[in-house]
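Everything on this sheet refers to the single structure shown next.
No lab work stands behind these numbers, since they all come straight from the coordinates. Computed from a predicted model, the values in this text were never measured in an experiment. As a convention, Cβ positions derive from the backbone with ideal geometry for all residues, glycine included, and neighbour counts pool all protein chains shown.
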Amino acid sequence: EAGVAQSPRYKIIEKRQSVAFWCNPISGHATLYWYQQILGQGPKLLIQFQNNGVVDDSQLPKDRFSAERLKGVDSTLKIQPAKLEDSAVYLCASSSRLAWQSGETQYFGPGTRLLVL
Amino acid sequence: AQSVTQPDIHITVSEGASLELRCNYSYGATPYLFWYVQSPGQGLQLLLKYFSGDTLVQGIKGFEAEFKRSQSSFNLRKPSVHWSDAAEYFCAVGPNTNAGKSTFGDGTTLTVKP
């Protein structure tokens, strides 16, 4: 079974530029998560989708970050404009149901490492 | 608010020695508890999880963890460490209700000496 796919793996941009990350979850997984992992810290949940609806985006900086999950499968996360403090690894994960409500396992992709100069 | 503390930022053990990584959590009720491992350049992989029943949980790669409600702890253990266990380990807590969100600790980096 294919795992969670993410692209690109690495991205370097100048501050104030825009950037987009793509995630393809495990086939059939209804729930998709985007996390931000700053160096030296644990992952922080940015947004959580159930199918193509948003379940929780309370920690998403909505003035510059946006995410969508069209047709309840693939998802994109965008940053516009980027700031220096956005340098981090952006992890995508998926699960068959809402993981935290049922102890369901989340499966993580390899992440996209973003460096903002 | 829920929180997770991993007191040890970095631990070094010799290959073949035993390992214990500490995790303390703060949560109003019995939470779901997880341990993940992250190798360089990789995503997180679930080692084990606890959400009810036996407080000693067995996981993959020979790891186990014990939930101690009185100490609000969920420490990860392995009796004999292998060089391939060198990685970063994250403890996480999740709600067992429809409210709340997941929280990860800041991780413990494990180095294994030959």
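Of note:
- When both the range A:4-51 and the range B:1-80 are represented by their alpha-carbon centers, they are found 24 Å apart.
- Sorted peptide list for A:21-30, B:76-85, criterion being average Cβ within 10 angstrom, highest first: A:21-30, B:76-85
- Selected from B:87, B:27, B:7, residue furthest toward positive end of dipole (chain B; charges at beta carbon): B:27
- Average partner coverage of B:41-54, which counts Cβ from other chains inside 10 Å: 4
- Put simply, the range A:1-64 fits an ellipsoid with semi-axes of 21, 16, 13 Å; these come from the alpha carbon gyration tensor as the roots of five times its eigenvalues, largest first.
- Listed by chain and number, the lysines whose alpha-carbon sits under 17 Å from that of residue A:11, ignoring those within fewer than 8 places in the same chain, are A:78, A:83.
- Projecting label points 7 angstrom from Cα along Cα→Cβ for residue A:38 and residue B:113 puts them 3.3 nm apart.
- Peptide A:30-41 - average C-beta neighbours from other chains (10 Å radius): 2
- Phi-based couplings in Hz for the range B:81-89 (Karplus 6.51, -1.76, 1.60; Gly and Pro marked x): 7, 10, 4, 6, 7, 4, 4, 10, 10
- Distant-in-sequence amide contacts of residue B:17, defined by a placed amide H-H separation under 5 Å and a gap of 5 or more residues or a different chain, comprise B:81.
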